[in-house]
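Beneath this line is the structure, given in structure tokens, with notes to follow.
The values are calculated or read from the model by the stated rules, or taken from the named source; none is laboratory data. Since we're looking at a predicted model, the values are computed, not measured. Note that we place each Cβ from the backbone using ideal geometry, even for glycine, and neighbour counts take in every protein chain shown. When the accessible area is computed, the model is the full protein with side chains, heavy atoms only, and any ligands, DNA or RNA have been set aside. Shrake-Rupley method; radii C 1.70, N 1.55, O 1.52, S 1.80 Å.
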Amino acid sequence: LAKRGMPAGKRVVKRLLKKHGYVKRKARKTRAVGPRHPDRNAQFENIARLKQEYLAAGEPAVSMDTKKKELLGSFYRDGKLYTQEAIEVFDHDFPSSASGVVFPHGLYDVKLNRGHINLGTSHETSEFACESIEHWWRQEGHKQYPQATRLLLLCDGGGSNSATRYLFKEELQGLADRLGLEIRVAHYPPYCSKYNPIEH
């Protein structure tokens, strides 16, 4: 614009962009990746039906997921703290510099709108996922649902709670036996984990 004899500052450019419908926007994750399964909608309807059935009967419906692992140590973290001195951290996040790793496993009680997090320091395994569920049940679940005879778990289809992992099913059976509960798992379709209530 300056070369054409019409110099314009930031404010003028911003005003012109806004006038023509250009505003700062964030990218939205709305496009599904991968092929759409023909029974995808039926799977969502089944999950909604199960959720409603359990909630109406006063039985717990819990959404679960393992979040991104975090390195333990002097690493950069977003955010600010009130301190008297600057906090010095490593300039690179190399796993070899970590003193360990933490895996946050979250559980979200759909009826009570209440979250629970367990932190593991080994690996994201089916055993860890089931131990996390058991810890939630013993700490909170049985107090909130003393008459419960069954538990509905809502989760995505990957990771430690994969729909195809026999180890997860075996660990779940052991958990059901220990807790004396019927445990039912409803997996969201592939590439649809964003619909899992814990994500919200």
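In the range 132-146, of all residues being assigned to a helix (DSSP H, G or I) and in contact with a Pro (Cβ under 8 Å, 6 or more places away or on another chain), the one that is surrounded by the fewest Cβ atoms within 10 Å (Cβ to Cβ) corresponds to Q144.
Put simply, of T121, T149 the only residue that is open to solvent by 80 Å² or more (accessible area, probe 1.4 Å), at pLDDT 95 or above and among the hydroxyl-bearing types (S, T, Y) is T149. Here is the figure for the range 95-111: residues that are over 14 Å from K68 (Cα atoms), without any contact (Cβ under 8 Å) to a residue 40 or more places away in the chain and surrounded by 12 or more Cβ atoms within 10 Å (Cβ to Cβ) total 2.
Candidates in the range 152-200 are the residues that are assigned to a loop (DSSP other than H, G, I, E, B) and small (G, A, S); of these, the one that is least open to solvent (accessible area, probe 1.4 Å) is S162.
Regarding the range 49-59, can at least one residue be identified that is open to solvent by 90 Å² or more (accessible area, probe 1.4 Å), in a helix (DSSP H, G or I) and either free of Cβ contacts under 8 Å to residues at least 12 places away in the same chain or under 30 Å from H116 (Cβ atoms) (or both)? Lay out the reasoning, then the answer.
Start the filter on the range 49-59 by keeping residues that are open to solvent by 90 Å² or more (accessible area, probe 1.4 Å), which leaves 49, 52.
Filter again for in a helix (DSSP H, G or I), leaving 49, 52.
Imposing the further condition that a residue be either free of Cβ contacts under 8 Å to residues at least 12 places away in the same chain or under 30 Å from H116 (Cβ atoms) (or both) reduces the set to 49, 52.
Yes: the range 49-59 contains one or more residues that are open to solvent by 90 Å² or more (accessible area, probe 1.4 Å), in a helix (DSSP H, G or I) and either free of Cβ contacts under 8 Å to residues at least 12 places away in the same chain or under 30 Å from H116 (Cβ atoms) (or both).
Residues of the range 47-70 that are among the polar types (S, T, N, Q) and at pLDDT below 95: T66 alone.
Just to be sure, is T66 under 20 Å from the mean Cα position of the chain (by Cα), exposed (fewer than 10 other Cβ atoms within 10 Å of the Cβ) and hydroxyl-bearing (S, T, Y)?
On the way: under 20 Å from the mean Cα position of the chain (by Cα): yes; exposed (fewer than 10 other Cβ atoms within 10 Å of the Cβ): no; hydroxyl-bearing (S, T, Y): yes.
In short, no.
Being of a type in the set (D, E), in a loop (DSSP other than H, G, I, E, B) and within 16 Å of the chain's Cα centre (by Cα): is that true of E124 here?
On the way: of a type in the set (D, E): yes; in a loop (DSSP other than H, G, I, E, B): yes; within 16 Å of the chain's Cα centre (by Cα): yes.
Spelling it out, E124 is indeed of a type in the set (D, E), in a loop (DSSP other than H, G, I, E, B) and within 16 Å of the chain's Cα centre (by Cα).
Pairs are defined by a Cβ separation below 7 Å, a sequence spacing of at least 6 or placement on different chains, a first member in the range 1-13 that is under 22 Å from V23 (Cα atoms), and a second member that is part of a loop (DSSP other than H, G, I, E, B) and small (G, A, S); the pairs so defined are L1/A8.
Within the range 8-46, restricting attention to residues that are of a type in the set (G, A, S) and open to solvent by less than 100 Å² (accessible area, probe 1.4 Å), the residue that is farthest from P197 (Cα to Cα) is A8.
For G5, the conditions (1) open to solvent by less than 100 Å² (accessible area, probe 1.4 Å); (2) modelled with pLDDT of 90 or more all hold with the exception of (2). Of all residues in the range 69-94, those satisfying the criterion of being aliphatic (A, V, I, L, M), open to solvent by 70 Å² or more (accessible area, probe 1.4 Å) and over 25 Å from I117 (Cα atoms) are A86, I87.
Looking only at residues of the range 8-37 that are in a loop (DSSP other than H, G, I, E, B) and β-branched (V, I, T), we find that the one that is modelled with the lowest pLDDT is V33.
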